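The values are calculated or read from the model by the stated rules, or taken from the named source; none is laboratory data. Since we're looking at a predicted model, the values are computed, not measured. We place every Cβ from the backbone using ideal geometry, glycine too, and count neighbours over all the protein chains shown.
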Amino acid sequence: MSLLKEPPPGVTVDVDQAHTKLTEWVVHMEGASGTLYEGEKFQLQFKFSPKYPFDSPEVIFVGEHIPIHPHIYSNGHICLSILTEDWSPALSVQAICLSIISMLSSCKEKKRPPDNSYYVKTCSANPKKTKWWYHDDTV
Amino acid sequence: MKVRIKGWTGVATWRWVANDDSCGICRMPFDGCCSDCRLPGDDCPLVWGCCSHCFHIHCIMKWLQSQQLHQQCPMCRQEWKFKE
């Protein structure tokens, strides 16, 4: 598995957790050096449906530390098009992790999305049920 | 010395000739089969798109059937067309 053999820098899979339940993974991630998130540690949760890889996994940040980023809500939901309408069955967990690290790395200013408090109050627990509007490709 | 051959048993190996080792959708080796099949070979063949990307036929059909609007190659996102 390429995620175990050649993971993106700072990325590790919680293997014990994945062994307990194969359809739910936790991935530990570190902010890339030279970026606003350098030294910060995050956890991503992946949930795979029986239709995976034809259906995208549910990916959210979990735990104490949710990155402060214009496309990441304080409940861990991530506004990233490859997780819904731009999903491809060729995208691996490794590729998703790389996209998220890249999204963090290009951030110029740490802030929550402008609609954060409204969204976290009204959204479903599953981010795939959100009708995302992908309009900002600058970060 | 004359040798008379009474019988022989032929043994052959085969493999798909593809530009990759494994299917980008199910990640199984092309010399194996997709996750819905039990045996590799003609019953689980490979197909190529005009974009040159190659998948198990069962994998790419499942993907295309799940797509309503655009039928794109999972690797390069070009419109999927089967290579003749």
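Could you list all residues from segment A:13-29 that are part of a helix (DSSP H, G or I) and out of contact with any Asp or Glu (no Cβ under 8 Å at 6 or more places or on another chain)?
A:VAL15, A:ASP16, A:HIS19, A:THR20
Mind checking whether some residue in segment B:26-43 is surrounded by 14 or more Cβ atoms within 10 Å (Cβ to Cβ), touching a Pro at 6+ places or on another chain (Cβ under 6 Å), small (Gly, Ala, Ser) and modelled with pLDDT under 95?
Looking through segment B:26-43, at least one residue is surrounded by 14 or more Cβ atoms within 10 Å (Cβ to Cβ), touching a Pro at 6+ places or on another chain (Cβ under 6 Å), small (Gly, Ala, Ser) and modelled with pLDDT under 95.
Only one of B:TRP63, B:TRP48 is more than 12 Å from chain A (Cβ to nearest Cβ) and either closer than 18 Å to A:GLU85 by Cα or outside any loop (DSSP other than H, G, I, E, B) (or both); which?
Testing whether each residue is more than 12 Å from chain A (Cβ to nearest Cβ) and either closer than 18 Å to A:GLU85 by Cα or outside any loop (DSSP other than H, G, I, E, B) (or both) leaves just B:TRP48.
Could you check segment A:103-139 and list, in sequence order, the residues that are among the polar types (S, T, N, Q), within 22 Å of A:PRO57 (Cβ to Cβ) and not in a helix (DSSP H, G or I)? If you could, list the steps in order and put the result at the bottom.
Step one: filter segment A:103-139 for residues among the polar types (S, T, N, Q), giving A:105-106, A:116-117, A:122, A:124, A:126, A:130, A:138.
In the following step, the residues that additionally are within 22 Å of A:PRO57 (Cβ to Cβ) were identified as A:105, A:124, A:126, A:130.
A:SER124, A:ASN126, A:THR130, listed by residue number.
Please count how many residues of segment A:85-98 are surrounded by fewer than 18 Cβ atoms within 10 Å (Cβ to Cβ) and away from chain B (no Cβ under 14 Å).
1
Which residues, counting only those in segment A:64-83, are of a type in the set (Gly, Ala, Ser) and either at pLDDT below 95 or not in a loop (DSSP other than H, G, I, E, B) (or both)?
A:SER81, the sole residue that qualifies.
Do you know which residues across segment A:36-51 are among the hydroxyl-bearing types (Ser, Thr, Tyr) and either surrounded by 15 or more Cβ atoms within 10 Å (Cβ to Cβ) or assigned to a strand (DSSP E or B) (or both)?
Step one: of segment A:36-51, the residues among the hydroxyl-bearing types (Ser, Thr, Tyr) are A:37, A:49.
Scanning segment A:36-51 gives a single hit, A:TYR37.
Given (1) under 30 Å from B:ILE60 (Cβ atoms); (2) surrounded by 13 or more Cβ atoms within 10 Å (Cβ to Cβ); (3) under 15 Å from the mean Cα position of the chain (by Cα), identify the lone condition not met by A:ASN126.
Failed condition: (2).
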